[in-house]
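Below is one structure, written out as structure tokens, with a few remarks after it.
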Amino acid sequence: MKVKRILHVTDSMNKGGIETFIMNVYRNINREYIQFDFLISVSEKCDYEDEILELGGMIYRTVPKTKGIFNYIQKTNNILKEMPNYEVAHIHVSSLISALGWLLTNVKNIPTKMYHSHNTESGRDFTGILRKGGQIVLKQNSTHLLACSIAAGEWLYGNKNFKKDKAVVINNGIDTAKFCYDKKVRKDMRESLDLDNKFVIGHIGRFNKQKNHDFIIEIFKEIYNQDKNAILILVGKGDLESIIHDKVKEYKLQEAVLFLGLREDISPLLNSMDIFLLPSFHEGLPVVGIEAQATGIKSFMSDKVTTEVDLTGSVDFISLDDPAEFWARKILSYKDYNRVNTRQFIIENGFDIKEVTSKLSSLYTNGEG
């Protein structure tokens, strides 16, 4: 049987929510029948690049959209002309600008175009104003409208469009066998990071505006003022990292805040934490939010994160209008709680990666999930 190759169109394949979701599927899909190739718009080597090549994928590079939309379109068109013919393009959309894939795949005449919404906001500037027009364009030029959540689907496609038959929610599945609560893993990781007898608050995410690291530090400052055994773990990298380092120094919290950079051991790190914190300005449905719940951790998220993420009843949603002191008080009230293995909740809600991969495989091969 001929292998069907799927062209994934995304900004990069660095470690982030969208990219992690794609790789979770890629690792679990039957690659004897389905293979993934990638069209990305960054010039530097990506975090997942070596693994993609090892799994048999191909990577095509165009110029970043920041170099100019017309330059991006021209360069990408030239690349598409040199590519083999694809039956399916899976276009990952985190903003309206990234929906340019509709134009590009039309030029290439790819018959099946799947648009996948991964966010609930792209700003209130020119991009946001164009959203309504973009909904019409996507509706007319797609074969499938996908989204990580109902909120993400309604945001990009509009309520009416997303409720039609061709609209599908694809859960941000995780490896539930890997992400589960384990007392020994927790003990070992806490010892390795010298966290014994510490109250550990953690965050995993890119250092960008969306993740709201500035407010994370404000919240932690209030927590630390009341509990000097508190520790904040920040996992990730990004453009705003140096600014957050400066803020930590300004508040004299250097000894209490750990910047761990990019890590492979996300499940052990989540096990080591007591609280997971995600005060984002917007999210489609955060993969890390599912991973955190799978490890049984108590989570605090902003009210800008869709409540669809709460699969276990362990997530508290707090308004970003509430001050840092209020967030701190709520978090400190959970210094002690009964942490349990919640893997079965994740599976029963359809977020195990094997079930999600099976659904996508059916879409790729039969057009139905």
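Structural remarks
- Enumeration of residues in region 256-284 that are modelled with pLDDT under 95, out of contact with any His (no Cβ under 7 Å at 6 or more places or on another chain) and buried (at least 24 other Cβ atoms within 10 Å of the Cβ): GLU283
- Within region 215-231, the presence of a residue that is in contact (Cβ under 8 Å) with a residue 60 or more places away in the chain, outside any helix (DSSP H, G or I) and within 23 Å of the chain's Cα centre (by Cα) is excluded.
- Selection within region 241-296 - of a type in the set (D, E, K, R), free of Cβ contacts under 8 Å to residues at least 24 places away in the same chain and in a loop (DSSP other than H, G, I, E, B): LYS252, GLU255, GLU264
- Test: ARG31 is farther than 27 Å from VAL235 by Cβ, out of contact with any Asp or Glu (no Cβ under 7 Å at 6 or more places or on another chain) and either open to solvent by 30 Å² or more (accessible area, probe 1.4 Å) or in a helix (DSSP H, G or I) (or both): yes
- Residue selected from region 313-344 under the condition in a loop (DSSP other than H, G, I, E, B) and in contact with a strand residue (DSSP E or B) (Cβ under 9 Å, 6 or more places away or on another chain), by the criterion surrounded by the fewest Cβ atoms within 10 Å (Cβ to Cβ): SER319
- Among the residues of region 1-25, the one identified as part of a helix (DSSP H, G or I) and under 18 Å from ASN366 (Cα atoms) is VAL25.
- Subset of region 345-362 that is assigned to a helix (DSSP H, G or I), modelled with pLDDT of 95 or more and hydrophobic (A, V, I, L, M, F, W, C) - its residue that is surrounded by the fewest Cβ atoms within 10 Å (Cβ to Cβ): ILE347
- When LEU130 is tested against (1) loosely packed, with under 13 Cβ neighbours inside 10 Å; (2) among the hydrophobic types (A, V, I, L, M, F, W, C); (3) at pLDDT below 85, exactly one condition is not met: (1).
- Unmet criterion (only one of (1) aliphatic (A, V, I, L, M); (2) over 21 Å from ASP336 (Cβ atoms); (3) surrounded by fewer than 22 Cβ atoms within 10 Å (Cβ to Cβ)) for LEU193: (2)
- Subset of region 204-216 [in contact with a helix residue (DSSP H, G or I) (Cβ under 9 Å, 6 or more places away or on another chain) and buried (at least 22 other Cβ atoms within 10 Å of the Cβ)]: ILE204, GLY205, HIS213, ILE216
- Residue within region 81-95 that is open to solvent by less than 70 Å² (accessible area, probe 1.4 Å) and either modelled with pLDDT of 95 or more or assigned to a helix (DSSP H, G or I) (or both) present: no
The values are calculated or read from the model by the stated rules, or taken from the named source; none is laboratory data. None of these values were measured; they are calculated from a predicted model. Virtual Cβ from ideal backbone geometry, glycine too; neighbours counted across all protein chains shown. Accessible surface areas use protein heavy atoms only, side chains included; no ligands, DNA or RNA. Shrake-Rupley method; radii C 1.70, N 1.55, O 1.52, S 1.80 Å.
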